[in-house]
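So the structure is just underneath, and the comments pick up after that.
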Amino acid sequence: MTTPALDIVEADDEQWQTYDTLARRAYGNPVEDILRLGAHADRRVAVRDGKVVAGGLGLLIPQYFGGRPVPGASMACGCVAPEERGGQLAGELVTARLRPLQEQGAVVATLWTASTGYVRRLGWEAPAQVYSWTVPTDELRRSFRESGFEITHGTDEQVRLLCNELAARWNGPWERPDWWDAWQQRQHHDIATYRFNRPDQGPSGVLSVGSERHPSEGRRLVVYDFWAGDQVVAAAMFAFLGRHNSRISSVFFQRTGLPPTPVLLHHLHRSSSLAARAWHPWMLRVLDPVQAVQLRGWPDELDLTLPIEVVTEDGNATQRFVLRITGGEGELEPTARTGHLTLTRGQIAVWYAGGYRSVAAAEIAGVRGDPRALAQLLTATADREPWLADYF
């Protein structure tokens with residue numbers, strides 16, 4: 001029997017409602033962002049014989065790399081009907097979902113997934129490990145002191161600007177769109193945002209928290225956003241969380257809720273009180289290497305010319321480029337020259353996000369070539385670490 005042809009189309013409202021029902025069955029639970037984010041996204045569904053069998057969202061949102069917002073495609077809420085799995089439909093669907101976003105200018109793409117092996121074969125890679133952290137409120141109370149900050153409940157335009165300013169210090173965070181606050185409020189009904197100001201100054205820290213039931217503790221605090229301009233305000237924010245110790249036993253920093261700095265670990269009286277849990281990572285794919293290099297920020301003092309080769313994961317195709325970075329601007333130019341280094345598409349994504357923190361780490365990951373050239377390459381993106389502060 002011939003299998004009916006598959007069409008991947010932009011979803012109308014009826015198809016999107018049908019997809020919402022399908023996703024509940026495929027995930028085993030409601031996926032509320034399917035309807036919440038639909039108005040802000042490119043909605044695609046796969047239709048076979050008039051029936052919706054797969055779909056997903058694509059959000060055109062810039063992400064910061066090297067201090068500049070780079071046009072990005074954030075892929076969310078994708079799934080395939082259980083009876084359709086095993087036929088490589090997910091890969092076909094991702095390609096079709098990316099196409100309209102690339103046409104609108106996206107040069108990188110990001111997603112969160114537990115299917116890391118599958119998307120890795122499509123050219124995605126994880127730039128960083130992802131953890132959540134749990135620490136007793138009593139330990140925060142003992143370890144951090146107040147520092148004279150004014151603490152105000154609520155958010156405003158200054159808070160949004162500060163979050164984007166601090167996001168630019170990392171590789172990967174969204175340049176948050178106008179609808180972000182309302183979306184977060186719908187996601188987390190009890191979320192509260194606090195701004196931390198030095199007297200007569202604008203905010204230098206932003207903390208967003210909620211609470212959730214815990215099987216043994218009753219309730220615990222959940223930190224969704226922790227934006228700190230320096231160590232002093234970070235300490236004040238930790239101390240504020242410690243104030244809840246009279247009624248809350250622990251604070252849970254959810255998987256995107258704490259930037260990858262050691263400030264918490266280094267200042268606890270008892271570091272053994274801090275518990276970490278690993279989560280599935282965010283994955284990055286560089287859709288257009290030439291444009292991605294041109295649009296990204298680069299260190300002003302860097303002067304680099306380096307031939308490289310980019311190969312597909314199966315090694316069947318190779319592209320040769322010359323990477324040039326000077327005066328804070330980058331260029332990736334096709335060439336016939338043999339490269340000093342060879343990287344897969346996934347390794348390019350990790351390097352682009354600053355995920356390789358040393359030559360040894362890059363070599364263990366499989367980057368091949370002259371170690372001196374590799375050290376030069378890593379210098380180009382080592383000024384910022386990878387962190388995606390939004391889960392979608």
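Quick check: at a probe of 1.4 Å, how many percent of the accessible area of region 100-224 sits on carbon and sulfur atoms? In region 100-224, the share of accessible area belonging to carbon and sulfur is 46 percent.
For D42, the shell of other residues with beta-carbons less than 9 Å away shows a net charge of +2, using +1 for Lys and Arg and -1 for Asp and Glu.
Can you work out the PRE-style zone for E92? Point 7 Å along Cα to Cβ, and I want the residues of region 45-69 with backbone N under 14 Å. Inside the label zone: 45-55. The length gained on full extension between H40 and Q17, counted as 0.36 nm times the residue separation minus their Cα-Cα distance, comes to 6.7 nm.
Electrostatic bookkeeping for Q319 treats Lys and Arg as +1 and Asp and Glu as -1; over the other residues with beta carbon under 13 Å from its beta carbon, the sum is 0. Counted residue by residue at 0.36 nm each, then reduced by the alpha carbon distance between them, the extension gain from W279 to R142 reaches 46.5 nm. In this rough spin-label picture, where each label sits 7 Å from Cα along the Cβ direction, the T318-V290 distance is 2.0 nm. Using a simple spin-label model with pseudo-atoms 7 Å out from Cα toward Cβ, T305 and Y27 lie 5.1 nm apart. Please work out the FRET efficiency for the pair E333 and D230, using the Cβ-Cβ distance as r and a Förster radius of 35 Å; give the result to the nearest 0.05. Once the sixth-power term is evaluated, E becomes 0.35. For region 238-335, which whole percent of the accessible surface, found with a 1.4 angstrom probe, sits on carbon and sulfur atoms? That fraction is 45 percent.
For region 135-221, the set of GluC sites (Glu not before Pro) satisfying both a DSSP loop assignment and a count of at most 16 other C-beta atoms within 10 Å is given as E146, E217. Applying both filters, DSSP loop and at most 11 other Cβ atoms within 10 Å, to the GluC sites (Glu not before Pro) of region 276-333 gives E301. Kindly work out what percent of the DSSP beta bridges joining two residues of the chain are antiparallel, to the nearest 5. The answer is about 85 percent antiparallel. Please compute the net charge surrounding T256, taking Lys and Arg as +1 and Asp and Glu as -1 over other residues with Cβ under 11 Å from its Cβ. Taking every other residue near T256 into account, the sum is -1.
Each residue, H189 and R160, gets one label point 7 Å from its Cα in the Cβ direction; the gap between the two is 2.6 nm. For the pair Y131 and V9 in one chain, pulling the backbone fully straight at 0.36 nm per residue adds 40.3 nm over the alpha carbon distance.
The values are calculated or read from the model by the stated rules, or taken from the named source; none is laboratory data. Treat the numbers as computed from the prediction; the structure is a model and nothing was measured. FYI the Cβ positions are ideal-geometry reconstructions off the backbone, even for glycines, and counts take in every protein chain you see. SASA here: full protein model, heavy atoms, side chains in, ligands and nucleic acids out. Shrake-Rupley method; radii C 1.70, N 1.55, O 1.52, S 1.80 Å.
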